[in-house]
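One structure is given below, encoded as structure tokens.
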């Protein structure tokens, strides 16, 4: 009888290789978003997309929901040209169909903080190094002002 290789067995304490449950869920959400977008046609209804974003924020537990609502208001006020949309199940804001910034709730990937992230399409280049994501636990008046400026710069 042939013996199994030691490499073919997995210890119970080892993490499985591949995607986490949360990552697989995000990919499934992205697939749903793409399917819904194809049904809506080449020119998506901005009101429907914003309703989807607001519904996703409403599903979030506090404090993520409160942060999401405040960030949505800041982005809309700072850069009204950005189009709200879902991106991997996260509220995101796009310019010419390309995501510029997004909000990742802490519970999305079981993180200890929420994240405001910017894609490489955001115009935030400053020297040879700059941040593309910010950890959020709460929003102060100074934070709101800084985020507003970041979003304005991102779309300029």
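A few remarks follow.
- Scanning segment 91-105 finds no residues that are touching a helix residue (DSSP H, G or I) at 6+ places or on another chain (Cβ under 8 Å) and part of a helix (DSSP H, G or I).
- Residue check for residue 122: within 18 Å of residue 29 (Cβ to Cβ) and touching a residue at least 24 places away in the same chain (Cβ under 8 Å): no
- Among the residues of segment 71-90, those that are touching a residue at least 12 places away in the same chain (Cβ under 8 Å) and assigned to a loop (DSSP other than H, G, I, E, B) comprise 79, 81, 82, 88, 89.
- Residue 136 more than 26 Å from residue 47 (Cα to Cα) and crowded, with 18+ Cβ neighbours inside 10 Å: yes
- Failed item, numbered, when residue 77 is tested on (1) crowded, with 17+ Cβ neighbours inside 10 Å; (2) touching a helix residue (DSSP H, G or I) at 6+ places or on another chain (Cβ under 9 Å); (3) under 19 Å from residue 151 (Cβ atoms): (1)
- Filter result for residue 82 (within 20 Å of residue 152 (Cβ to Cβ) and surrounded by 12 or more Cβ atoms within 10 Å (Cβ to Cβ)): yes
- Tally, over segment 108-147, of residues that are assigned to a helix (DSSP H, G or I), under 23 Å from residue 22 (Cβ atoms) and in contact with a helix residue (DSSP H, G or I) (Cβ under 6 Å, 6 or more places away or on another chain): 1
- Candidate set from segment 93-117 (those that are modelled with pLDDT under 95 and under 18 Å from residue 24 (Cα atoms)); member that is surrounded by the fewest Cβ atoms within 10 Å (Cβ to Cβ): 110
- Residue within segment 144-151 that is touching a residue at least 24 places away in the same chain (Cβ under 8 Å), crowded, with 18+ Cβ neighbours inside 10 Å and within 13 Å of the chain's Cα centre (by Cα) present: no
The values are calculated or read from the model by the stated rules, or taken from the named source; none is laboratory data. Note that the coordinates shown come from a computational prediction; the quantities given were computed from them, not determined experimentally. Here the Cβ is made from the backbone with ideal geometry for all residues, glycine too, and neighbour counts use every protein chain on show.
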